[in-house]
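The values are calculated or read from the model by the stated rules, or taken from the named source; none is laboratory data. Worth saying up front: this structure is predicted, and the values here are computed from it rather than measured. Using ideal geometry, Cβ is built from the backbone for each residue, glycine included, and neighbour counts are taken over all protein chains shown. Just the protein is used for accessible areas: all its heavy atoms, side chains included, with ligands, DNA and RNA removed. Shrake-Rupley method; radii C 1.70, N 1.55, O 1.52, S 1.80 Å.
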Amino acid sequence: MGSSGHLTPRFQEGQGFVSEDEYLEISDIKRDQSGEYECSALNDVAAPDVRKVKITVNYPPYISKAKNTGVSVGQKGILSCEASAVPMAEFQWFKEDTRLATGLDGMRIENKGHISTLTFFNVSEKDYGNYTCVATNKLGITNASITLYGPGAVIDGVNSASRALACLWLSGTLFAHFFIKF
């Protein structure tokens with residue numbers, strides 16, 4: 001193996017990448033290609049020399065879960081934001097242009113791994129509205145808007161009371177249909 005150049009790797013199903021040279025170059029590597037790779041050097045004289053190397057693929061954050069939440073005044077409300085990133089994302093929460101902090105107006109921000117939660121211990125009318133979860137790492141930044149709403153609030157053009165009535169009407173219709181059929 002005296003050459004100093006490198007070859008483009010071949011991919012063999014079930015075996016990974018194979019290169020006939022001392023270099024392995026993986027162009028356009030994807031995040032799911034992170035993991036442990038094995039390098040094996042062999043000749044006709046001695047047993048193969050095998051070394052392992054761990055490859056980490058860094059990528060900017062993307063928010064995979066952010067769900068609107070409905071809660072009544074006086075209850076506990078939790079907004080949750082989940083982001084995937086390497087290196088791990090750092091989170092911040094905003095309401096309009098104001099950055100939120102733990103302890104402010106009876107709320108707590110908790111970051112555990114790839115999930116950040118914003119907890120309201122005693123929801124009041126002023127807590128309702130749109131919040132922004134921001135996830136950042138050295139490669140990028142992303143955000144998601146999450147709404148904390150109360151009973152009767154209009155979300156996506158339909159209020160929660162209408163949803164409940166529609167469900168009640170639908171179950172009543174199915175119930176009546178069941179009795180008519182049998």
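Points worth noting:
- Model label points for K126 and K67, set 7 angstrom from Cα along the Cα-to-Cβ axis, are 2.9 nm apart.
- Label-point separation in nm, V18 to A41, each point 7 Å along Cα→Cβ: 2.1 nm
- For region 60-149, the direction-averaged projected area of the alpha-carbon convex hull comes to 5.1 nm².
- For E110, net neighbour charge (Lys/Arg +1, Asp/Glu -1) across residues whose Cβ lies under 14 Å away: +1
- Within straight-line cross-link reach of K95, aspartates and glutamates at Cα separation under 20 Å, skipping those fewer than 8 residues along the same chain: E82, D105, E110, E125, D127, D156
- Highest average packing first - 56-64, 129-137, 32-40, Cβ atoms within 10 Å: 129-137, 56-64, 32-40
- Additional length obtainable on full extension of the chain from I78 to K52, 0.36 nm per residue less Cα span: 5.0 nm
- Computed extension length for I141-Y59: 28.5 nm, one decimal, from 0.36 nm per residue of separation with the Cα-Cα distance subtracted.
- In loop segments of region 63-159 as defined by DSSP, the GluC sites (Glu not before Pro) with at most 12 further C-beta atoms inside 10 Å of their C-beta are E96.
- Here the relative contact order of region 40-111, from alpha carbon pairs under 8 Å that lie six or more residues apart, stands at 22 percent.
- Rounded to the nearest 20, the Cβ-based charge dipole of region 60-149 about its Cα centre (Lys and Arg +1, Asp and Glu -1) stands at 200 debye.
- Share of carbon and sulfur in the accessible heavy-atom surface of region 60-149 [1.4 Å probe, %]: 49 percent
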